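The structure appears below as structure tokens.
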Amino acid sequence: MGTIELHPWNRNFAWTDRAAPFRRLDADQVAAFDRDGFLVLPDVFGDDELDPLVEALDRNEAVTDQFLRSRADERIAIAESGAITFTVHLVEREPAAAAFVRAPVFADLCHDLVGPDVRLYWDQAVYKKPEKPRRFPWHQDNGYAFVEPQQYLTCWVALTDATVDHGCPQVIPGLHRAGTYRHRYVDPLGWEIVESHPDAGAAPVGRGGIVVFSSLTPHLTGPNLTDAVRKAYIVQFAPDGAAVLAGDPAAGEPTGRIPANAPGRQFPILLGGRPVPSPPDRC
């Protein structure tokens, strides 16, 4: 299993349980999220909502894969042609993606699980290919870039069925309540907090469903053992005013704060608890 240690910048963290009223979730679902750090919401999106998005994402992912194939070893860090690709910031160039992240379900989940003032923090398509099956390491999203406040939201949208054989998300419930853990880089897998854990479990979801989890929930995706590409669109939402801490945790204290309000890709989703249908001219 190995030893799990807190991140050196994680001091005095206290998980904030959410309180009613709720818009999308019921009290039991919110209590489960606070306890376990994740929820599975099946059958959220239909084909009419997914098909235009997948068409746009496929087009962009093909460019990503072509770029990886141009590299001498066909990879950059953990991204590798034939294994796994990451296509980021799609909302900046694809209207279908920009419209999708403003779907009412995301605004409602932000209200229920984040707060009244929320921005899009990150979006990316992750395609797991069948040619080179590979697991992803146990990590927290806040372990890749340390965001304050640490507690934000990840929505893992299944664009294809995601069974265990397809490489669905797997989670370790309960550990999120302590905040961000120390991560170690394991080549070529990426950042990892632990090799295994006895409480880990799978969170399979069908096409159109969402695995909702905290930025602090340790998770991974298993290898794709099928003959089809497993496609997911990951969208993350953080409280307005969130910032990424700059610097090297191994070298000491943070050296600065980078506000998470980049024009064009980190636009408001909720203001004063009300959905924002389109980004203001200045955000």
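Numbers for the structure displayed
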read-out	value
Two-site label geometry, residue 6 and residue 196: point separation in nm, points 7 Å out along Cα→Cβ	2.9
Cα gyration tensor shape of the range 207-280, rounded if a/c is under 1.5, else prolate or oblate by comparing a/b with b/c	oblate
Semi-axis lengths (Å, descending) of the ellipsoid that matches the C-alpha gyration tensor of the chain	25, 24, 20
Most mobile of 169, 21, 204 in a GNM of the chain (Cα contacts under 10 Å)	21
Order by protection proxy (mean Cβ within 10 Å, highest first), peptides 205-215, 174-184	205-215, 174-184
Positive minus negative residues near residue 98 (Lys, Arg vs Asp, Glu; Cβ under 13 Å)	0
Counted charge near residue 13, where neighbours are those whose Cβ lies closer than 13 Å (Asp, Glu -1; Lys, Arg +1)	+1
Two-decimal Rg to Rh for the range 106-176 - Kirkwood Rh, Cα set	0.98
Efficiency of FRET between residue 248 and residue 14 - r from beta-carbon atoms, R0 35 angstrom, step 0.05	0.85
The range 1-58: chymotrypsin sites (Phe, Trp or Tyr not before Pro) in DSSP loop, at most 15 other beta carbons within 10 Å	15
Backbone N within the range 219-252 under 15 Å of label point (7 Å from residue 49 Cα along the Cβ vector)	233-235
Along the chain, longest interval not containing exposed GluC sites (Glu not before Pro), exposed being DSSP loop plus at most 16 other Cβ atoms within 10 Å	196-283
Full-extension gain in nm, residue 178 to residue 88, via 0.36 nm per residue minus C-alpha separation	29.5 nm
Potential extension, residue 274-residue 228 segment - 0.36 nm per residue separation minus Cα distance	12.6 nm
In nm, spacing of pseudo-spin labels at residue 255 and residue 23 (7 Å Cα→C-beta vector)	4.0
Gain on full stretching of the segment that runs from residue 32 to residue 66 - 0.36 nm per residue minus C-alpha separation	8.1 nm
Neighbourhood net charge (14 Å Cβ-Cβ; Lys/Arg +1, Asp/Glu -1) for residue 258	+2
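A short reminder: the numbers here are calculations on the coordinates, not readings from a lab. Everything quoted here is computed from the prediction, not taken from an experiment. So basically every Cβ, Gly included, is an ideal-geometry build from the backbone, and we count neighbours across all protein chains shown.
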